[in-house]
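Participant: There's a structure below that I have some questions on.
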Amino acid sequence: MTPDTDIVVIGGGQSGLAAGYHLRRLGLDFVILDAQPTPGGAWQHAWDSLHLFSPAAYSSLPGRLMPAQPGQTYPDAAHVVTYLTDYEQRYELPIRRPVRVQGVHEHGQLLRVATDEGPWLARAVISATGTWSRPFLPAVPGRDRFTGAQLHTAEYRSPKDFAGQRVVVVGGGNSGAQIAADLAYDTDLTWVTQREPMFLSDDIDGRALFDAATARRRALDEGRTDTGGVASLGDIVAVPPVREARDAGLLKASPMFSRFTETGVEWADGQEADVDAVIWCTGFRPVLSHLSPLGLRGSRGHIPTAGTRADADPRLHLLGYGDWTGPASATLIGVGRPAREAARDIAALLQRP
């Protein structure tokens with residue numbers, strides 16, 4: 001049985017492009033299937049004011065430095081989209097879009113990748129679908145009763161959509177802090193977090209975060225004491241807009257509310273507040289439903305892996321889902337190394353009889 005291609009990469013965002021770069025360097029036969037109609041991955045759907053945590057030179061995919069954005073130390077999302085578009089064109093990566101993958105199935109010694117444009121047979125698959133299309137909303141009593149607006153980070157765009165409104169932002173991570181800072185000037189803002197936010201020192205950016213994540217993974221792999229990784233430094237990178245709102249006294253966090261009312265929220269002490277909108281900055285979950293036919297998920301919902309390779313099926317690699325598949329592998333600068341390892345591992349697999 002002859003495969004249509006040796007390798008199918010599912011996802012054309014930053015992780016899929018990094019994989020494509022290393023597969024191309026090894027001279028392998030592959031295709032990248034991207035569900036998006038245009039280049040840029042999840043970055044093309046980010047809110048208007050989103051900026052990277054690191055300067056451009058420290059936010060690059062393998063082989064091609066991201067050029068600096070004029071007037072910006074930390075590039076914005078639109079600049080990243082331009083960079084990713086240029087990247088896939090520069091390396092002539094074989095991307096087909098929009099193609100939506102419906103499932104990956106066993107097919108003898110091959111894997112059959114079912115799509116809305118028909119099936120692909122491959123000897124190996126790299127899943128690089130990320131998390132953006134699977135936002136997570138925690139269960140909070142009364143959420144369905146609330147008559148105001150509710151949206152997730154993935155749906156937020158601009159503070160002008162909420163000017164003059166009473167808005168609650170939920171989440172103490174970077175997204176929560178950046179969106180709260182975005183809304184702090186033109187709305188009646190309440191920022192709620194599970195615990196007191198921990199701002200990193202103002203001189204720390206994504207370079208230090210990547211180094212901390214890498215050091216933690218190395219320590220765990222060598223059986224040494226857990227260094228704590230990024231969490232040991234704090235929760236929130238003080239990018240300029242966050243720093244300005246914080247220093248102006250506009251980023252005061254309140255405890256998480258305990259339930260919704262019909263018109264707002266209520267805290268455990270009985271205090272209530274009427275609210276027009278709640279923005280959930282509560283993270284995402286890996287997009288893995290297309291791999292369900294393979295039956296590889298463990299008890300925690302993740303597919304057990306050794307590096308990026310699925311423990312139970314060496315034909316499958318998972319790339320760009322955070323520390324689970326490589327230190328900081330959900331970041332631009334962090335995905336290069338696990339992408340290289342995945343490509344080399346697959347090349348070795350394809351050489352076997």
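Participant: Quick check on my filter: what residues within region 105-118 are open to solvent by 80 Å² or more (accessible area, probe 1.4 Å) and touching a residue at least 24 places away in the same chain (Cβ under 8 Å)?
Facilitator: Within region 105-118, Glu106, Gln109 meet the criteria.
Participant: Please verify whether Val81 is modelled with pLDDT of 95 or more, hydrophobic (A, V, I, L, M, F, W, C) and within 27 Å of Arg315 (Cα to Cα), treating the condition exactly as stated.
Facilitator: It is false that Val81 is modelled with pLDDT of 95 or more, hydrophobic (A, V, I, L, M, F, W, C) and within 27 Å of Arg315 (Cα to Cα).
Participant: Further question: Does Thr82 fit the bill of being more than 14 Å from Ala18 (Cβ to Cβ), open to solvent by 60 Å² or more (accessible area, probe 1.4 Å) and either in a loop (DSSP other than H, G, I, E, B) or not polar (S, T, N, Q) (or both)?
Facilitator: Working: more than 14 Å from Ala18 (Cβ to Cβ): yes; open to solvent by 60 Å² or more (accessible area, probe 1.4 Å): yes; either in a loop (DSSP other than H, G, I, E, B) or not polar (S, T, N, Q) (or both): no.
Against the criterion (more than 14 Å from Ala18 (Cβ to Cβ), open to solvent by 60 Å² or more (accessible area, probe 1.4 Å) and either in a loop (DSSP other than H, G, I, E, B) or not polar (S, T, N, Q) (or both)), Thr82 does not qualify.
Participant: Hey, can you tell me all the residues within region 19-31 that are of a type outside the set (Phe, Trp, Tyr) and more than 26 Å from Thr153 (Cβ to Cβ)?
Facilitator: Gly20, His22, Leu23, Arg24, Arg25, Leu26, Gly27, Leu28, Asp29, Val31
Participant: If you scan region 23-35, which residues turn out to be touching a helix residue (DSSP H, G or I) at 6+ places or on another chain (Cβ under 7 Å) and surrounded by fewer than 24 Cβ atoms within 10 Å (Cβ to Cβ)?
Facilitator: Those that are touching a helix residue (DSSP H, G or I) at 6+ places or on another chain (Cβ under 7 Å) and surrounded by fewer than 24 Cβ atoms within 10 Å (Cβ to Cβ): Leu26, Leu28, Phe30.
Participant: Which of the residues spanning region 329-353 are open to solvent by 50 Å² or more (accessible area, probe 1.4 Å), touching a Gly at 6+ places or on another chain (Cβ under 9 Å) and within 23 Å of Gln109 (Cα to Cα)?
Facilitator: Glu341
Participant: Please go through region 329-340 and give me each residue that is closer than 13 Å to Arg25 by Cβ and either out of contact with any His (no Cβ under 6 Å at 6 or more places or on another chain) or assigned to a loop (DSSP other than H, G, I, E, B) (or both), ordered by number.
Facilitator: Gly336
Participant: So, in region 85-104, how many residues would count as being part of a helix (DSSP H, G or I) and either of a type in the set (D, E, K, R) or open to solvent by less than 40 Å² (accessible area, probe 1.4 Å) (or both)?
Facilitator: 5
Participant: Does Gly41 count as surrounded by fewer than 17 Cβ atoms within 10 Å (Cβ to Cβ), touching a residue at least 40 places away in the same chain (Cβ under 8 Å), touching a helix residue (DSSP H, G or I) at 6+ places or on another chain (Cβ under 6 Å) and of a type outside the set (S, T, N, Q)? Give the steps one after another, and end with the answer.
Facilitator: Details: surrounded by fewer than 17 Cβ atoms within 10 Å (Cβ to Cβ): no; touching a residue at least 40 places away in the same chain (Cβ under 8 Å): yes; touching a helix residue (DSSP H, G or I) at 6+ places or on another chain (Cβ under 6 Å): yes; of a type outside the set (S, T, N, Q): yes.
It is false that Gly41 is surrounded by fewer than 17 Cβ atoms within 10 Å (Cβ to Cβ), touching a residue at least 40 places away in the same chain (Cβ under 8 Å), touching a helix residue (DSSP H, G or I) at 6+ places or on another chain (Cβ under 6 Å) and of a type outside the set (S, T, N, Q).
Participant: Shifting gears a bit: Against the definition (surrounded by 19 or more Cβ atoms within 10 Å (Cβ to Cβ) and assigned to a helix (DSSP H, G or I)), how does Gly16 come out, yes or no?
Facilitator: Against the criterion (surrounded by 19 or more Cβ atoms within 10 Å (Cβ to Cβ) and assigned to a helix (DSSP H, G or I)), Gly16 qualifies.
Participant: How many residues does region 29-54 contain that are outside any helix (DSSP H, G or I) and within 17 Å of Arg96 (Cα to Cα)?
Facilitator: Summing the residues that are outside any helix (DSSP H, G or I) and within 17 Å of Arg96 (Cα to Cα) in region 29-54 gives 12.
Participant: Test of understanding: among Ala268, Ala330, Ala306, Ala273, which residue is hydrophobic (A, V, I, L, M, F, W, C), closer than 30 Å to Leu189 by Cβ and at pLDDT below 95?
Facilitator: It is Ala330.
Participant: So, one more: Does region 187-213 hold any residues that are modelled with pLDDT under 95 and farther than 20 Å from Thr73 by Cβ, and which are they?
Facilitator: Result: Gln194, Arg195, Glu196, Pro197, Met198, Ala212, Ala213.
Participant: Could you list, in sequence order, the residues of region 174-188 that are within 22 Å of the chain's Cα centre (by Cα) and among the charged types (D, E, K, R)?
Facilitator: Matches in region 174-188: Asp182 only.
Participant: Go through region 341-353 and report how many residues are in a helix (DSSP H, G or I) and either among the β-branched types (Val, Ile, Thr) or free of Cβ contacts under 8 Å to residues at least 40 places away in the same chain (or both).
Facilitator: 5
Participant: Looking at (1) assigned to a helix (DSSP H, G or I); (2) touching a helix residue (DSSP H, G or I) at 6+ places or on another chain (Cβ under 9 Å), which is the one condition that is false for Ala57?
Facilitator: (2)
Participant: Okay, moving on. I'm trying to understand the selection: among the residues of region 44-79, which are open to solvent by 20 Å² or more (accessible area, probe 1.4 Å), farther than 19 Å from Thr153 by Cβ and small (Gly, Ala, Ser)?
Facilitator: Ala57, Gly63, Ala68, Gly71
Participant: Across region 318-328, which residue is farthest from Leu349 (Cα to Cα) among those that are outside any loop (DSSP other than H, G, I, E, B) and open to solvent by less than 40 Å² (accessible area, probe 1.4 Å)?
Facilitator: Top of the filtered list is Gly322.
The values are calculated or read from the model by the stated rules, or taken from the named source; none is laboratory data. All of these numbers come straight from a predicted model, not from anything done at the bench. Backbone-built Cβ (ideal geometry, glycine too); neighbour counts: all protein chains shown. What goes into the accessible areas is simple: the full protein's heavy atoms, side chains included, and nothing from ligands, DNA or RNA. Shrake-Rupley method; radii C 1.70, N 1.55, O 1.52, S 1.80 Å.
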